[in-house]
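This report refers to the structure that appears directly beneath it.
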Amino acid sequence: MVRYCSTCVMPDTKPDLSFDEKGVCDACLSAAAKKTINWQEREAEFKKLVERFKRKDSSNYDCIIPVSGGKDSHYQAYIARKSGLNPLLVHFEPTMRTELGLKNLENIRRFGDMLELKKNPNVYKKMVIEGFRRVGDNEWPNHIGIFTFPIRVAVAYKIPLIIWGENSQLEYGGPKASRMKNTLDRRWLEEFGGLLGLRVEDMVGVEGISEQDLIPYQYPTDEELQVAGITGVFLGYYKKWDARSQTELMQKNGFSIKEDGLVEGTYTNYENLDEATVGVHDYLKFVKFGFGRATDHACLDIRNGRMAREEGVALVKKYDGKLPKISIADFLAYSSMSRKEFDSVMDSFTDKAIFMTDEHGSPLRDNDGNLIKKYQDYSIFTQSAAQS
């Protein structure tokens with residue numbers, strides 16, 4: 001039986017999630033703890049950080065901001081510039097950039113110069129397909145590149161400060177030690193950065209991929225990091241992270257949301273705007289763990305006091321886990337994979353303890369092609385979680 005948090009709508013199938021004796025998940029406990037943090041003291045800490053790394057001359061940039069062009073990186077770059085830092089924006093090219101993504105990427109340059117890695121498309125595509133087949137993540141090389149390339153640039157350009165966004169383990173749930181961290185290092189990347197058990201070197205030999213092809217995806221050595229004095233911090237440690245209010249602020253600074261409808265798989269229109277196939281990634285999370293992007297968003301809105309739990313349940317029931325037909329079509333066009341093979345890979349990662357199957361063990365779907373959960377009585381959320 002799937003157990004759910006008694007405060008939000010997150011199931012216990014989420015990796016690394018834990019509940020207290022009252023059935024409250026650690027992400028909700030973290031959200032409550034954030035209300036007790038002295039954010040003025042954190043602001044003072046951030047000012048000291050700025051003073052420490054701001055250069056006295058104009059010989060180099062003050063910091064690096066890894067950017068996708070989305071709402072979060074807009075906010076990171078905005079805060080850096082507002083705080084008096086001169087940032088170098090570093091961008092790792094996504095799998096299939098959307099027109100809206102390009103528009104937002106151009107807009108973010110108002111906050112600083114930008115360096116973009118235009119990846120080798122042939123090597124990258126091989127890694128996309130291999131990641132999809134082996135660990136059920138078509139965005140595997142993207143998740144590696146967005147964390148490794150900015151750090152490689154920091155070492156090469158001798159820019160010691162990197163300002164990341166929120167700590168996902170704090171906002172979405174995870175081990176206490178990782179939730180309370182204010183820095184992003186190699187250990188955090190290896191545990192939470194999306195490797196999923198694969199190592200970059202595992203890609204050597206895949207369809208002829210060489211070690212040289214993988215240079216952008218290799219994390220610098222400890223010696224290189226030490227010599228360069230690299231410090232990577234989570235801005236969410238210093239600023240109370242709230243995606244919706246930050247999105248509204250960034251819209252006033254040129255950030256564009258999706259005006260022609262909602263993002264596939266959720267009820268919002270402000271996230272996952274830059275990449276056309278990310279819906280496949282989100283759907284893979286749903287087939288593996290029984291929750292998707294709508295659950296993530298509902299949980300955040302509940303924790304931030306924007307909706308009651310009952311409303312969150314209704315939104316999850318309406319939007320979560322719906323087949324992302326547009327993203328699938330884009331992924332098939334990008335990968336040249338057949339729909340038969342795509343479905344076979346999806347089925348291989350579908351958790352049969354969560355979803356209904358036929359007598360042969362194949363996942364059952366409704367008339368729209370959506371998987372059917374075994375546990376659909378959302379009224380038992382609180383009761384089942386309390387048994388944790």
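Remarks
- Positions within region 7-23 being closer than 14 Å to Thr295 by Cα and more than 22 Å from the chain's Cα centre (by Cα), in sequence order: Thr7
- Scanning region 26-44 for residues that are among the charged types (D, E, K, R) and not in a helix (DSSP H, G or I) gives a single hit, Lys35.
- For Ala33, the criteria (1) in contact (Cβ under 8 Å) with a residue 24 or more places away in the chain; (2) surrounded by fewer than 17 Cβ atoms within 10 Å (Cβ to Cβ); (3) closer than 30 Å to Cys5 by Cα hold in every case but one, which is (1).
- Of all residues in region 288-315, those being assigned to a helix (DSSP H, G or I) and closer than 11 Å to Gly265 by Cβ number 5.
- Of all the residues in region 89-126, those that are surrounded by fewer than 22 Cβ atoms within 10 Å (Cβ to Cβ) and among the hydrophobic types (A, V, I, L, M, F, W, C) number 7.
- So Ile65, is it crowded, with 21+ Cβ neighbours inside 10 Å and β-branched (Val, Ile, Thr): yes
- Only one of the numbered conditions (1) of a type in the set (D, E, K, R); (2) surrounded by 20 or more Cβ atoms within 10 Å (Cβ to Cβ); (3) part of a helix (DSSP H, G or I); (4) touching a residue at least 24 places away in the same chain (Cβ under 8 Å) is violated by Lys285, and that is (4).
- Checked against the criterion of being under 16 Å from Val233 (Cα atoms) and surrounded by fewer than 19 Cβ atoms within 10 Å (Cβ to Cβ), the candidates Arg52, Arg133 yield just one match: Arg52.
- In region 6-25, the residues that are hydroxyl-bearing (Ser, Thr, Tyr), surrounded by fewer than 22 Cβ atoms within 10 Å (Cβ to Cβ) and under 22 Å from Gly305 (Cβ atoms): Ser6
Every number here is computed from the coordinates shown, using simple stated rules; none is lab data. Because the structure is predicted, anything quoted here is derived from the model rather than measured. Counting neighbours? That spans all protein chains shown, and the Cβs are built from the backbone with ideal geometry, glycine included.
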